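No value in this document is a laboratory result; all are computed from the given coordinates. Keep in mind the model is a prediction, meaning the values are calculated, not measured. Please note: Cβ atoms are built from the backbone with ideal geometry, for glycine as well, and neighbour counts cover all protein chains shown.
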Amino acid sequence: MQTKTEGIVIKEFRFRETSKILTIFTKKYGKVHVMARGAYKPKSQLIANTQLFSYNDYYLYKGRNFYYINQADIIDSFYPIRENINRVMYGSYLLELVDLSNLEEEANERLFLLLKKGLMVLSKLDKDFIKFILTYELKYISFLGYKPYLDRCVVCGRDKFSQFKFSIEQGGIICSNCFSIEPLCENMDLTMYKTMKTLLYTPLDKISSLEIPKDVMFKLHEIMVEYILNKIDRKKFNSLNMLKSMKDNGGVY
Ligand SMILES: [Zn+2]
């Protein structure tokens, strides 16, 4: 039985001489494993459809262990991502996020549309990568079901307080009265709080005019990474470690 769905290649590895095993995030079925036979052959029809970031209409059929590609029509290769090292590195993080936080064959259309939009915006981005990534993370974790709670203290419900932190465990801000009972917390000041709120509700393609201090965004990005890892029960993102080591060596940025 053949089925048609949009999908984005989020992972690839070589199988035997000329084939590839892909992880594709599809609109209809969520994350699936796909065997692309002969994708490494120089004359393969599938070369463009089986590269990382590539966004296609796939006609798939299901075998015992894998899906197989009957036909694929490219919608967007997001080629410009490959032309810039920052885009590649942050793009790899977007793909890894999807890979690590989704179970197989569990559809999440909002996440699919967010990834598609994220890759579109990223493919035109030349600066302010951290602002893009932070905004993406806030939306991503929200669509995964853990939207940060910013209206009042997530523990006691108080809504007027001057000192607060972000509780990784509870996924929201907490007041100074509740600091002691919530062990896993990160410091936040008013600027960080306001920035988080603004970026949470601003569309990805509308952030370019927002002026936000870099250090505020880096601190919030660190909190979001810790928060996301906690919620998806993982230890680290390889793509971010790679990004960090390249920066430490003066390579990127
Ligand atoms: Zn409280």
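Each listed q (0.17, 0.23 Å⁻¹) maps to a log10 I(q)/I(0) for the stretch 202-253, found by the Debye formula over equal Cα scatterers with no solvent: -0.75, -1.06. Between Leu190 and Asp205, the contour length at 0.36 nm per residue exceeds the Cα-Cα span by 2.9 nm. Note on the stretch 2-109: Cα Rg divided by 2.2 N^0.38 Å, N the number of residues, gives 1.01. Gain on full extension, evaluated as 0.36 nm per residue between Asn241 and Asp159 minus their Cα-Cα distance, stands at 25.8 nm. Kirkwood radius, the stretch 78-155, all distinct C-alpha pairs, inverse of mean reciprocal distance: 13.5 Å.
Averaging over all projection directions, the Cα-based convex hull of the stretch 127-178 occupies 4.3 nm² in the image plane.
For the peptides 15-28, 70-83, 52-65, the ranking by mean Cβ contacts within 10 Å, running from highest to lowest, is 15-28, 52-65, 70-83. Within the shell defined by Cβ-Cβ distances under 14 Å, the residues around Lys4 carry a net charge of 0, with Lys and Arg each +1 and Asp and Glu each -1. Any idea what angle helix 85-101 forms with the longest principal axis of the chain, computed on alpha-carbon atoms, 0 to 90 degrees, nearest 10? On a 0 to 90 degree scale, this one is about 90. Can you figure out the FRET efficiency of Glu226 with Asn70, using R₀ = 30 Å and their beta-carbon distance, to the nearest 0.05? Efficiency for this residue pair is about 0.10. Close amide H partners of Val155, meaning residues 5 or more places away or on another chain with modelled amide H under 5 Å apart, are Cys175. With the alpha-carbon atoms of the chain aligned to their principal axes, the span from lowest to highest coordinate is 64, 39, 30 Å, starting with the largest.
Computed extension gain for Arg110 through Glu83, at 0.36 nm per residue and net of the alpha carbon distance, reaches 7.0 nm.
For the pair Asp233 and Thr198, a Förster radius of 35 Å applied to the C-beta separation gives a FRET efficiency near 0.75, rounded to the nearest 0.05.
Working note: 222 nm ellipticity from helices only, DSSP H runs with n ≥ 4, each -39,500 (n - 2.57), summed and divided by the residues of the chain, gives -11000 deg cm²/dmol to the nearest 500.
Compared with the dominant principal axis of the Cα atoms in the chain, helix 109-122 is inclined by about 90°.
Considering only Cα atoms, the convex hull volume of the stretch 139-253 works out to 128 Å³ per residue. Got the relative contact order for the chain handy, in percent, Cα pairs under 8 Å and 6 or more residues apart? It rounds to 15 percent for the chain.
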